[in-house]
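Engineer: Below is one structure. I have some questions about it.
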Amino acid sequence: MSDNSPQNNAREPHEHAGDDERLGPEEAARQHSLLSDEVASLRRRLAESPSRTRDLENRVLQLQASLSTVSSQNERLVRTLKEAREQIVTLKSEVDRLAQPPSAYGLIIESYDDATVDILTGGRKMRVAVSPAVDPADLSAGREVMLNEALNVVATCGYERIGEVVMIKELLDDDRVLVVAHAD
């Protein structure tokens, strides 16, 4: 047999235990040398075992410390990401609010039962629709209203407080007066 592995070498003497008398001195010396080498190797491994165990235990402790550090860093990152997400949501809502088109205003001239009103805006008289969210009782003549992009009434405001000062010349009816303006 040319295989020198420890298992095969360990079996050879047992297989030939009764044949020791037939082994030559050279063969017995060779097997003795092989067995001595194997015993020495096993003793070295046994002697290294406690130091290797200590090395492995130290490595485990280092890995546990690293894991603890990484876990705390991960928790901080999660908190930071949550805070950043909240800030992004807040900023997005602010950007959306600022990106809305401007609202126009108009003055109600007359309101109708079919959820429309005549308004005066930008020097033009128009009949526009009223949003269902607006209370029809609030739609009185002279009331300022907010208009959306499609020029529909979406909210009622107060009454306009500024304007030209005029003198009443004559009272024509309950809701009509003749006035003298600055340029008249």
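The values are calculated or read from the model by the stated rules, or taken from the named source; none is laboratory data. Values in this document were obtained by computation on a predicted structure and should not be read as measured data. A quick note on method: Cβ atoms are made from the backbone with ideal geometry, for glycine too, and the neighbour counts reach across all protein chains shown.
Engineer: Do any strands (runs of 3 or more DSSP E) lying entirely in segment 120-184 carry at least 2 residues that are under 25 Å from residue 101 (Cβ atoms), and which ones are they? Break it down into steps so the answer makes sense when it comes.
Structural biologist: Details: elements: 124-129, 143-147, 153-159, 167-173, 176-180.
In segment 120-184, 124-129, 143-147, 153-159 are the strands (runs of 3 or more DSSP E) which contain 2 or more residues that are under 25 Å from residue 101 (Cβ atoms).
Residue-wise test of (1) over 30 Å from residue 176 (Cα atoms); (2) of a type outside the set (A, V, I, L, M, F, W, C); (3) in contact with a Lys or Arg (Cβ under 8 Å, 6 or more places away or on another chain); (4) assigned by TED's automatic domain parsing to the domain that holds residue 155.
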position: 42; (1), (2), (3), (4): yes, no, no, no
position: 46; (1), (2), (3), (4): yes, no, no, no
position: 97; (1), (2), (3), (4): yes, yes, no, no
position: 130; (1), (2), (3), (4): no, no, no, yes
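Engineer: Does residue 81 satisfy being loosely packed, with under 10 Cβ neighbours inside 10 Å, free of Cβ contacts under 8 Å to residues at least 60 places away in the same chain and not assigned by TED's automatic domain parsing to the domain that holds residue 158?
Structural biologist: Judged against the criteria, residue 81 is not a match.
Engineer: Here is a further query. Could you give every pair whose Cβ atoms fall below 8 Å, whose first residue belongs to segment 142-158 and is under 10 Å from residue 105 (Cα atoms), and whose second residue is of a type in the set (Asp, Glu), counting only separations of at least 6 or pairs across chains?
Structural biologist: So the pair list comes out as 144/160; 156/135; 156/138; 156/144; 157/144.
Engineer: So, one more: Give the residue, chosen from 170, 164, 110, that is surrounded by 10 or more Cβ atoms within 10 Å (Cβ to Cβ) and either at pLDDT 90 or above or not basic (Lys, Arg) (or both). Walk me through it before giving the result.
Structural biologist: On the way: 170 fails: surrounded by 10 or more Cβ atoms within 10 Å (Cβ to Cβ); 164 fails: surrounded by 10 or more Cβ atoms within 10 Å (Cβ to Cβ).
The conditions single out 110.
Engineer: Restricting attention to segment 26-49, does a residue exist that is among the hydroxyl-bearing types (Ser, Thr, Tyr), at pLDDT 80 or above, within 30 Å of residue 148 (Cα to Cα) and surrounded by 10 or more Cβ atoms within 10 Å (Cβ to Cβ)?
Structural biologist: We begin by selecting, within segment 26-49, every residue among the hydroxyl-bearing types (Ser, Thr, Tyr); these are 33, 36, 41, 49.
From what's left, at pLDDT 80 or above: 33, 36, 41.
In the following step, the residues that additionally are within 30 Å of residue 148 (Cα to Cα) were identified as none.
No, because not a single residue in segment 26-49 is among the hydroxyl-bearing types (Ser, Thr, Tyr), at pLDDT 80 or above, within 30 Å of residue 148 (Cα to Cα) and surrounded by 10 or more Cβ atoms within 10 Å (Cβ to Cβ).
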